[in-house]
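Written out below as C-alpha cells is the structure these notes cover.
What follows is calculated from the coordinates using simple rules that are stated; it is not laboratory data. Keep in mind that this is a model prediction, so the values were computed, not measured. Here the Cβ positions follow ideal geometry from the backbone for every residue, glycine too, while neighbour counts run over all protein chains shown.
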Amino acid sequence: MERLRKFRRAGTKMPFMLLALLVLAGCRQDMHDQPRFKPLAMSDFYADLRSSRAPVEGTVARGQLHEDTYFYTGKVGANPGDYMPFPVTEEVLQRGRERFDIYCTPCHSRLGDGNGMIVQRGFQHPPSYHTDRLRKAPLGYFFMVMTEGFGAMPDYAEQIQPRDRWCIVAYIRALQLSQSATQAEIGGHAVPSPAPQFKEPGSGATLPVPAPQSSETDTGEEQK
C-alpha cells in the first residue's frame, strides 16, 4: 500500500518535470554569447573588412583638447619658440629642480655638465648645457628634446607631464645663468660673500670662527 502511494506521488510530479525539461530545452545562449564584432577581427559587413571603425573625424578624447599648441609642443610653427608659456616663479624653479634631479641628473649631472653617474659608467656622454650652442638654444628646443627625444636620449613624454617639462626648461636656463651670469645680468645686486669658515671645538659643536679683532679704534687711530 505504501509503495502504491509513492508511485502515485511520483506520477503527479512527472508532468512538472517534463514541463521543466521542455522549458530548459527552449533556453538559448543569445544573451550570453550574442552576436557582436570582436575588436580587430575581420568583418565582411564593411567594405574595408575591418570590424573596428575609425572615430568620427574631429573626435577629441576627453582631456585631450590641446588648444595651446606651444604649451604642448614648444614650437611656433615649425620652429622652437623662445618664451615660457607661464610666469617663472620660485615654485616653478623648485619644481623644475625636483624633476630635473629625478629624470635628468643620471646623464646630465646636477650641474648640467653631462657628467652624470651612468655616463661615468660608460653611457654615451651628452653635451654640456654650458656650451655656447646650448646657451643660445631657444627654450622651446629643450622642451622638444624632452618630448620627442634626441640621439641616444629617449623621449620623456610619458614620464613627465607637459607643465613639468616646462619647469625643467626654466631650471635648465637657471643652471646656465648660474655658471655665466655677469654683474649686470644679476641686476646690480652684490655677489654674496663666501660662507664663513667653521671650526670644531672640543665639545663637538660646530661654531663660526669669530672675525679677527680690528687693530684700529672707531676713530681710526691705531691702538697702542
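Name the residues in region 118-162 that are surrounded by 15 or more Cβ atoms within 10 Å (Cβ to Cβ) and of a type in the set (D, E, K, R), would you?
Within region 118-162, none qualify.
If a residue must be within 17 Å of T147 (Cα to Cα) and out of contact with any Pro (no Cβ under 8 Å at 6 or more places or on another chain), how many such residues does region 80-104 contain? If you could, list the steps in order and put the result at the bottom.
We begin by selecting, within region 80-104, every residue within 17 Å of T147 (Cα to Cα); these are 80-85, 96, 99-100, 102-104.
Still in the list and also out of contact with any Pro (no Cβ under 8 Å at 6 or more places or on another chain): 83-85, 96, 99-100, 102-104.
Residues meeting the conditions: 9.
Show me the helices (runs of 4 or more DSSP H) found entirely inside region 28-129 where at least 1 residues are over 20 Å from P154 (Cα atoms) and under 18 Å from the mean Cα position of the chain (by Cα).
69-73, 90-103
If R110 satisfies all but one of (1) without any contact (Cβ under 8 Å) to a residue 40 or more places away in the chain; (2) within 18 Å of G149 (Cα to Cα), what's the number of the condition it fails?
(2)
Go through (1) without any contact (Cβ under 8 Å) to a residue 24 or more places away in the chain; (2) touching a strand residue (DSSP E or B) at 6+ places or on another chain (Cβ under 9 Å) and name the single condition R62 misses.
Result: R62 fails condition (2) only.
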